[in-house]
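Below is one structure, written out as structure tokens, with a few remarks after it.
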Amino acid sequence: MAVVPASLSGQDVGSFAYLTIKDRIPQILTKVIDTLHRHKSEFFEKHGEEGVEAEKKAISLLSKLRNELQTDKPFIPLVEKFVDTDIWNQYLEYQQSLLNESDGKSRWFYSPWLLVECYMYRRIHEAIIQSPPIDYFDVFKESKEQNFYESQESIIALCTHLQQLIRTIEDLDENQLKDEFFELLQISLWGNKCDLSLSGGESSSQNTDVLNSLEDLKPFILLNDMEHLWSLLSNCKKTREKASVTRVYIVLDNSGFELVTDLVLANFLLSSELATEVHFYGKTIPWFVSDTTIHDFNWLIEQVKSSNHKWMSKCGADWEEYIKMGKWVYHNHIFWTLPHEYCAMPQVAPDLYAELQKAHLILFKGDLNYRKLTGDRKWEFSVPFHQALNGFHPAPLCTIRTIKAEIQVGLQPGQGEQLLASEPSWWTTGKYGIFQYDGPL
Ligand SMILES: O=P(O)(O)OC[C@@]1(O)O[C@H](CO)[C@@H](O)[C@@H]1O
Ligand SMILES: [Mn+2]
């Protein structure tokens, strides 16, 4: 086993992990409770008194959770039987055993930050599934939909751009096609600024003109491996035999505007023939406020399709067609909402690892994916990405992430330290972004 650094943790007072556990997570929980309150009459209309009782139960479970968090109580096992309950409880026991070896405190401020945050979202889900008949309710749905509605203008601009591009795509030479690819990659990168967990669940939509801001944003791309993605995919296209496939997997992050940018990119991959199939992975339960579930995915495509705007609705119709034809495939797997780092995937979810090995390229969207890829550990800035992946190499992969947590590897010697000295919060605001590739060059 390779030696790896310690996990980020709320133990480090003043760190972003500490502030998240102290302020942001309780704020999100309070918002969840408030959301349930506000839906009381809807639950009554749908389920009568039973619905109101269920709402009360969910709220009391969530208030208890908030109290456990704020008084730094030990983690308790999950109780409700669900597909991942046993794996979760085993992991909690394992973490407890690690802590027993040191000071024995398996609690909110003493456990690895990644576990703490994942545990909180899993406990929210538990409170909901313990409260039938409202056990289907997505407490973050409203915020995700709001993000989509508030980004309408940018979405229209993006869809129009895509449709114009597709019309002339066959006339483009290699360099022009590459430029377009790079442009859509960057849009997908900056789309990741809009997550709702960083903003404590408050609205964080796309209202700047991202298409026209790309040049201004370029200096903030700290690592730029876009060229590797182009060589890889254009090479696949050139060497591909008739009837053979190029599969790109996108491990999705946030719904709303970010998801639109990812779908636009996925559409371009097919239209340019850089890929012949795009596979998407979302979350099986509501997660980190804005993460995409199958319901969000279907809902958003339906919304895009039913838009009054000609080009936007054309996009939605095309996307639905890709799904019907099997060119776009959406997958679910519980692994994505477990607390494990990705290097544990071959042991914990060998079926998923085997599936990922079929990809020609995997794109990991967003900050949480980066944290899980690198184990959410205190790596030195200059440690190579390949090393931080700690054996996770299912296929060539690239992370597309705006930096929103105190973890970054693969920088030039001194680069991270310099940023820290001039701008202490540089790595928690989403101002900077990366395309970081690992795979054959
Ligand atoms: O994965 P995403 O949506 O890009 O970001 C998730 C995030 O908001 O959640 C964590 C804090 O709650 C941070 O790691 C990160 O900023
Ligand atoms: Mn997210």
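For the reader, a short list of remarks on this structure follows.
- Taking a straight line from the alpha carbon of K218, these lysines sit under 19 Å away, with near neighbours fewer than eight places off in the same chain left out: K178, K193, K365, K404, K431.
- Selection from W426, I129, L265, by position along the positive dipole direction of the chain (Cβ): I129
- Between S188, S151, S382, the GNM of the chain built on Cα springs shorter than 10 angstrom shows S382 fluctuating the most.
- Excluding same-chain neighbours fewer than eight residues apart, the aspartates and glutamates reachable from K324 by a Cα-Cα span under 18 Å are E277, D296, E302.
- Note on H37 and Q357: the model spin-label points, each 7 Å out from Cα along the C-beta direction, lie 5.2 nm apart.
- Within the stretch 251-322, the ratio Rg/Rh, alpha carbon atoms throughout and Rh by Kirkwood, equals 0.97.
- Mean ellipticity per residue at 222 nm, deg cm²/dmol - from DSSP H runs of n ≥ 4 across the chain, formula -39500 (n - 2.57): -15500 deg cm²/dmol
- Note that the stretch 16-129, at 10 °C in a medium of 1.306 mPa s, gets a Stokes-Einstein diffusion coefficient of 105 µm²/s from its Kirkwood radius over C-alpha pairs.
- Using only the C-alpha atoms, the convex hull of the chain corresponds to 146 Å³ per residue.
- Residue-by-residue Karplus 3J(HN,Hα) for the stretch 294-309, coefficients 6.51, -1.76, 1.60, Hz, glycine and proline x: 4, 5, 5, 4, 5, 4, 5, 5, 4, 4, 4, 5, 8, 5, 6, 7
- For the chain, the relative contact order comes to 17 percent (Cα pairs under 8 Å, sequence separation of at least 6).
- Selected from I21, I124, I76 as most flexible by GNM, with the chain as the system and alpha-carbon contacts under 10 Å: I76
- Charge dipole magnitude, Cβ of K and R +1, D and E -1 - the chain, Cα centre, debye nearest 20: 440 debye
No value in this document is a laboratory result; all are computed from the given coordinates. A quick note: this is a predicted structure, and the numbers were derived from the prediction, not measured. Virtual Cβ from ideal backbone geometry, glycine too; neighbours counted across all protein chains shown.
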